[in-house]
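Asks: Sending over a structure as structure tokens; questions will come in a sec.
The values are calculated or read from the model by the stated rules, or taken from the named source; none is laboratory data. In this text, all values refer to a predicted model and were calculated from it rather than measured experimentally. For accessibility, only protein heavy atoms count, side chains too; no ligands or nucleic acids. Shrake-Rupley method; radii C 1.70, N 1.55, O 1.52, S 1.80 Å.
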Amino acid sequence: MLMYLKSLPWSVIITGVAVTIYILLFLSWFYQKKTIHRLKYRARANQRFHIATSVAGLGVWEWDIKQDVLVWNPYLYQLYGMGKKETLTVDEWKTKLKQSDAFCIEQLREMAGNAQQKVIRLTIPEYGNRKPKIIELLACGVPGEPLRLIGTQRDISEAISIQQAMKQAAFEDKLTGLSNSRALTQRLQITLAEPPKNLSFGLMFIDLDGFKQINDTLGHDAGDELLQCAAKRMRSCMRLEDEVFRLGGDEFVIWIQLEGERGLQAEAYKARLDLIAAKLKQTLTQAFVLNGKTCFISASIGIACYPMDACNEQALLKYADTAMYRAKQTGKNQFIYYSDIHRESANSYTESAVNTA
């Protein structure tokens, strides 16, 4: 080979070397161009990905468990109100969350290396002018990689607020702002499904005497105003643990929480209910000014108690309603206990049986 090269003219050798160098330079330039193109394509793809996740309100994260560091996309730093970093420690992450959430985060370590997914909720507490946020975190284990977790995070605070507003609207009487009949049914069903030990409460079924005449003579607007004013007055007679419900029209139900042991004598509960019923009568018989006219109403009130009168939702409401109608039929502007009606019926039955005998 060397003999062959020595036999060639220098011009041919130089030309061959030059061509070889040119080819190598071309290949190097071509490879660099492809690499730069690939890097630019990857950078543009990452940019599109970051824009898409930010617009969608989605944060992407990765947890290197061995190093105990996190890699976040820019949206997550913005979500947590932090300056962007290359990496973030888990302890730094925890400082931005409610203290009890630290335990939830530590539990995620168990998923590493397994094809599992877990969704948890985290809370970013209120800080300065920043409102508290509720974060939904999705964590995924990567099979075969026991020291790595990946996932997403998104702010669901607004969605939860909308759900709560919709739920409140479903259980709220629009006219008076009180809880509605659906809310009363739900409360009774949930409470009586598994009643707490020594639970005792009273239900007052209220019908406004004279409302229909005012509504017919002064108009529905005046009637609506009267219901709103009456609702405020009833609410003012209650404690925080008591609640007023509007069933519809001029009918209301009041839940009265009773203190003490269930075995306590009924007279103790009755004294408490007597006081509240008397306050309701007094406040509702005071004058109402509607459309410049002074109007008066009163209230017929029926009372049933758990567990003395009944232990289920339907019976309690029926008995309170029955007592209210008795109050209305026997003079209005008064309150009557279902237990008294029941006692009267029992006595009447006994007297009838004695007379028959």
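Asks: For residue 96, list the lysines whose Cα falls under 26 Å from its own Cα; do not include residues on the same chain fewer than 8 positions away.
Replies: 66, 84, 85, 118, 131, 133
Asks: Once neighbouring chains are kept in place and the probe is 1.4 Å, which whole percent of the accessible area of region 123-208 is contributed by carbon and sulfur?
Replies: Roughly 53 percent of what the probe reaches on region 123-208 is carbon or sulfur.
Asks: Return one quarter of the surface area of the convex hull spanned by the alpha-carbon atoms of region 175-236, equal to its mean projected area, in nm².
Replies: Orientation-averaged projected area of the Cα hull: 5.3 nm².
Asks: Taking every DSSP beta bridge with both residues inside region 183-336, roughly what % is antiparallel (nearest 5)?
Replies: 90 percent
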